[in-house]
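The values are calculated or read from the model by the stated rules, or taken from the named source; none is laboratory data. Computed from a predicted model, the values in this text were never measured in an experiment. Neighbour counts run over all protein chains shown; Cβ positions are idealised from the backbone, glycine included. Side chains are part of the model used for accessible areas, which takes the heavy atoms of the whole protein and leaves out ligands, DNA and RNA. Shrake-Rupley method; radii C 1.70, N 1.55, O 1.52, S 1.80 Å.
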Amino acid sequence: RVWLLFSYFDPYHSKDVPCALVTWFIHPSDNPERDKDTGMWKLQREQDVDGEQPVGPVQVIHLDTILRGAHLLPCYGSGFLPVELKHTDSLDAWDCYFVNHFIDQHAHELLS
């Protein structure tokens, strides 16, 4: 999840360095495999060690290390969605997500 796009000036190389502040989604188990029902990878937000922070560990990465965006689908439960749920809360509202590799041909080739 990208929280911030920014750049800084590197005086040693005399150029701007484009960066992103990100948090990660990780596989919930130590032995990753696809979901048997959907064929998609299942992910959850990475948590800090004590799990008390609302945002997991953050990292600054160079923009060149981002390959492409991911289409995440929530792992819905059996109930209804709350009326007050906003689209801006969608990456915080669920505990786990599926990576949709059916979104386009490039995602399918990359993740299959």
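Go through HIS101, HIS108 for me and flag whichever is in contact with a Phe, Trp or Tyr (Cβ under 7 Å, 6 or more places away or on another chain), of a type outside the set (Ser, Thr, Tyr) and either assigned to a loop (DSSP other than H, G, I, E, B) or at pLDDT below 90 (or both).
Details: HIS101 fails: in contact with a Phe, Trp or Tyr (Cβ under 7 Å, 6 or more places away or on another chain).
Result of the check over HIS101, HIS108: HIS108.
Got at least one residue in segment 61-72 being closer than 27 Å to GLU109 by Cβ, at pLDDT 90 or above, assigned to a loop (DSSP other than H, G, I, E, B) and of a type in the set (Val, Ile, Thr)?
Looking for residues that are closer than 27 Å to GLU109 by Cβ, at pLDDT 90 or above, assigned to a loop (DSSP other than H, G, I, E, B) and of a type in the set (Val, Ile, Thr), one finds at least one in segment 61-72, hence yes.
Considering VAL58, VAL99, which residue is in contact with a helix residue (DSSP H, G or I) (Cβ under 7 Å, 6 or more places away or on another chain) and surrounded by 13 or more Cβ atoms within 10 Å (Cβ to Cβ)? Working first, answer last.
Details: VAL58 fails: in contact with a helix residue (DSSP H, G or I) (Cβ under 7 Å, 6 or more places away or on another chain).
Checking each option against the conditions leaves just VAL99.
Hey, could you check segment 12-38 for residues that are over 21 Å from PRO57 (Cα atoms) and touching a residue at least 12 places away in the same chain (Cβ under 8 Å) and say which is least open to solvent (accessible area, probe 1.4 Å)?
Top of the filtered list is VAL17.
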